[in-house]
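Throughout, read-outs are computed from the coordinates displayed, never taken from laboratory work. Note that the structure is predicted; figures quoted are calculated from it, not measured. So basically every Cβ, Gly included, is an ideal-geometry build from the backbone, and we count neighbours across all protein chains shown.
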Amino acid sequence: MEIVLQFSDTKPSSKRNPNLISTTRNSVTSLLRLPRELRDCIWEYVCGGQLIHVKNSYGLCCYICKATDSPRTMYLRTLEEPNNEYYEKHALNPEIKSHVSCYGRNKLNLEFQRTSRQIYHETTPIIYGMNIFSFSNAMIWFRFMITLKPQFRALIKCMQLDITISKFRDCGEWSETLTIPLVCSLTGLKTLHVFIWLKLGRPDEFRKIKEHMMKDWEGLPEYEANEQKILYTGLGRLQRLPLDDVTCVVCDDEFVYACDDLLLYSDNTLEQLEQEYKWTVADKRRLAERVRTVLLEPWDEVEYQKELEQKKKSGRKDLMITRF
Ligand SMILES: [Zn+2]
């Protein structure tokens, strides 16, 4: 089944809403008489430059993000001086994570594409190539990709992935859906924004996950050790893409909720629990930087196959996880 980005009959909510295109016969004719360069500028203005949430709501739906801060802005803020050892100056809040206000009547409206074959062909590369497609769930990403025609997949240039780590054993959720054929079909993908959300049930799980993800792999060269660490976010296969630009933000804003029970039933204060279990700002930045670095490294398939053989011979099962 081909994905049809959903239509809506909502009134224009902003000057960039695609509804602004008039589709009466006369106006389309006038529009199509303009020079191609000018039309491309119009298409870009009307249907490019947005962050588009792909959601599952009785079928896949696309919503235009209403947030004022772009993923890059949020990433750049994480590079600023923190408030203290444990808190960023501009902490990401749950609204930024859930984007609740972006849904509802804000569906992406592509009805105008049906008015003319020429408009369809001219706007399709803009829609897929000049917006950021955002996925908060691995299964939605998978469904979107397998239902999208391969030629449309290849047009996507920019993506945002939200990786939620909610259980120790859940880290590989994305690796199950990021299959090699699908990843390799994203030939146009150049920019990737990764948000890693630590959403664990108990404070000790924060520490446990940190120890595991930041573990230095004894006897391994640093580049291989980094490779292993990124696998715990399930993103390892994306190393195959020739990405130009990667941002990564690691967020543990839900730490305080994980402490609820301990705060209620023990004498611990939040400060004590933070000191014992919470990731420091430096920890989060270290993981984010490792993810960025590894994803930006050029992929060498021949070298990879050699390493794979060596790893198989070495018999170290810990090196064979999820990636293959
Ligand atoms: Zn949004």
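Loop-only check: which chymotrypsin sites (Phe, Trp or Tyr not before Pro) in region 37-136 are DSSP coil with at most 12 other Cβ within 10 angstrom? Don't jump to the answer; show the numbers that get you there.
Values: sites: TRP43, TYR45, TYR58, TYR63, TYR75, TYR86, TYR87, TYR103, PHE112, TYR120, TYR128, PHE133, PHE135; in loops: TYR58, TYR86, TYR87, TYR103.
The qualifying sites are TYR58.
Which entries of LYS149/LYS284; LYS284/LYS312; LYS107/LYS167; LYS89/LYS199; LYS157/LYS278; LYS167/LYS312 have Cα-Cα distances beyond 25 Å here? Among LYS149/LYS284; LYS284/LYS312; LYS107/LYS167; LYS89/LYS199; LYS157/LYS278; LYS167/LYS312, the Cα-Cα distance tops 25 Å for LYS149/LYS284; LYS284/LYS312; LYS107/LYS167; LYS157/LYS278; LYS167/LYS312.
Once the Cα-Cα distance is subtracted from the 0.36 nm per residue extended length, the ASP40 to ILE146 segment shows a gain of 35.3 nm.
I'd like to compare 300-306, 47-53: which one has the highest average count of other Cβ atoms within 10 Å, and what's the full order after that? Spell out each step's value before the answer.
Working: 300-306: 10.1, 47-53: 20.6.
Highest-to-lowest ranking by the protection proxy: 47-53, 300-306.
DSSP beta bridges fully contained in region 18-319 are about 20 percent antiparallel. If r is the Cβ-Cβ distance from ARG202 to MET139 and R0 is 25 Å, what FRET efficiency results, to the nearest 0.05? Step by step, r from the Cβ atoms, then E = 0.45. Among the trypsin sites (Lys or Arg not before Pro) in region 71-146, which ones are in a DSSP loop with at most 16 other Cβ atoms within 10 Å of the Cβ? Mind listing them? For trypsin sites (Lys or Arg not before Pro) across region 71-146 that sit outside H, G, I, E and B with at most 16 neighbouring Cβ atoms in 10 Å, the list reads LYS89, ARG105. Full extension of the chain between GLU81 and LEU264 yields a length gain of 62.6 nm, computed as 0.36 nm times the residue separation minus the alpha carbon distance. With N counted as the residues of region 18-319, its alpha-carbon radius of gyration over 2.2 N^0.38 Å works out to 1.14. The loop-placed GluC sites (Glu not before Pro) in region 74-154, going by DSSP, that have at most 12 neighbouring Cβ atoms within 10 Å of their Cβ come out as GLU80, GLU85.
With a cut-off of 16 Å on the backbone N, the residues of region 112-136 near the modelled label site 7 Å out from LEU32 along Cα-Cβ are 112-124. Its Cα gyration tensor gives region 125-196 an equivalent ellipsoid, and the semi-axes of that ellipsoid, as √(5λ) in whole Å with the largest first, are 22, 13, 9. Each of LYS312 and GLN275 was given a label point 7 Å from its Cα along the Cα-to-Cβ line. The distance between the two points is 5.2 nm.
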